[in-house]
Structure formats: C-alpha cells, structure tokens
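What follows is a set of notes on a single structure, which appears directly below.
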Amino acid sequence: MAFELQACLFDLDGVIVDTAKYHFTAWQRLAEELGVSFDHSDNDQLKGVSRVDSLEYILRKGNLELDNDTKVRLMDRKNDWYLAQVAGMTPDELFPGVVAFMDELRAKGKGLALGSSSRNAPLILDRCGIADRFDAVVDGNSITFSKPDPEVFLKGASELNSVPSKTVVFEDALSGVDAALNGGFRVVGVGPEGALPKADFTLQGFDGFTVDHLVDRLS
C-alpha cells in the first residue's frame, strides 16, 4: 500500500543549509579563549546538541567549572560571533535540490514546516530567501525541550494539522532522528549512508529527489 503523505518537517542545519561551519568557528574561538583545544571531531559531537550542552562539552574537555552567569555570558559571546557570520549568508548556500523539492511538495498540497532547535532559524531562513516557503516555523524560541524530545516536531505537525505517522521528518543528527521516532513520525536521514541507521532510509542529497521517490521509499 502506498504511503499516505500529509506533510514534511525539515530540520535546518545539515538538511537545508550548512551552518555547522559557522558554529564550528564560533565554538572553536570560544574554546581557544578558554585554553581548550577544539577541532572538527569535537564539532561533530555537538551536532543536534543545544548550546548549553555544547558549552558543557567544552568545559568538561577542559576540566573547567564556571558559574551560571559566566556560562550565559560565554554563550552570548559565541552567539554574537555566530550571528556576525550568518548575517552574510545568501541563497547560494542552500543545498542543491532542496528548494525544488519543497516547491514540489507545496504544488502537491503537502504541508511544510521547519522543526529546528536553533533560536536563529528565522534569521537564517530570511537570509537564504526561503522563509515564505514554510506553512509553520517551530524553532528554539518556541520549544522547552531539546531533541531527542519530540516536542519540536509534534508542534510542527500540530500547526500543519498532520498526523505524525503520515508526516515525514528530514534530519541529519542522531538526536533528531530519535526525536522523530519518539514522536511517531517517519524519518529520512540526510547524510552519508549508514550514518543514521535508525532512519527509514538515508538521503545523501535532494538533487533530483522527488515526492514520488519519497512515497515509493516509504511504501
């Protein structure tokens, strides 16, 4: 029986656009100020992780203990550096094929929502020129719990009036895949083959990918 698709929910970083490189340079700069080494393997550990937990990772690595006020100041400083880079983003940074796939979903009457833990998602969508493509945007400003809690996706489905079992989540992080599964969604991993084994299937890119391909793979 063919899968009945009602809507799709998209994570932001690593699915629609690559902002991980900007997070990396900002976290690396902060870590270096704290005297802690930070490389790409460390950055991989922060994929899908909240800013609080990301800072705690760096502090643990450096065997550092700081008071809460200092932690807040450090996170704000990191975010300022990150935002300074994001402000220069353009539509050219969108992953190939993702906008065409979203446009096909809309043309076929399927709901689209963003489900991201990033508080900066609205700015990124605006800079990349795709804010108007979503029927709903759920981001870090409107959720209480981080992934793997399914809150961000459940809120997105609610705003789209879609049933989780008929809604597909596109995710690039293990915690995001777990969040989707915890909410009863179908989930497509975006990334290298084998990197997200719990996903229904893995997509290495949207270029040439169609709604029919999606339905066929999930049927």
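Translational diffusion coefficient of the chain (Stokes-Einstein, Kirkwood radius from Cα pairs, 25 °C, 0.890 mPa s): 137 µm²/s. Using the Cβ-Cβ distance between GLN45 and ALA107 with R0 set to 30 Å, the FRET efficiency from 1/(1 + (r/R0)^6) comes to roughly 0.15. A cut-off of 5 Å between modelled amide H atoms, ignoring neighbours fewer than 5 places along the same chain, links VAL190 with GLU171, ASP172, LEU203.
The angle between the Cα long axis of helix 51-61 and the longest principal axis of the Cα atoms of the chain comes to about 50 degrees, rounded to the nearest 10. Placing unit charges on the Cβ atoms only, positive for Lys and Arg and negative for Asp and Glu, gives the stretch 20-86 a dipole magnitude near 180 debye about its Cα centre. Residues of the chain were split at every exposed loop site, defined as trypsin sites (Lys or Arg not before Pro) in a DSSP loop with at most 13 other C-beta atoms within 10 angstrom, and the longest piece left, sites excluded, is 1-107.
Based on the alpha-carbon gyration tensor of the stretch 103-219 and its eigenvalue square roots a ≥ b ≥ c, which shape applies: rounded if a/c is under 1.5, prolate if not and a/b is larger than b/c, or oblate? Since a/c stays below 1.5, the shape of the stretch 103-219 is classed as rounded. For the stretch 20-86, the alpha carbon positions stretch 29, 23, 21 Å along the principal axes, listed from largest to smallest.
Of the GluC sites (Glu not before Pro) found in the stretch 1-108, those that fall in a DSSP loop while having at most 13 other beta-carbon atoms within 10 Å are GLU4, GLU65. For the pair SER165 and GLN85, a Förster radius of 30 Å applied to the C-beta separation gives a FRET efficiency near 0.20, rounded to the nearest 0.05.
Quick note: the coordinates plus some simple rules give every number you see, no bench work behind them. As the structure is a prediction and not an experimental result, all values here were calculated from the model. Virtual Cβ from ideal backbone geometry, glycine too; neighbours counted across all protein chains shown.
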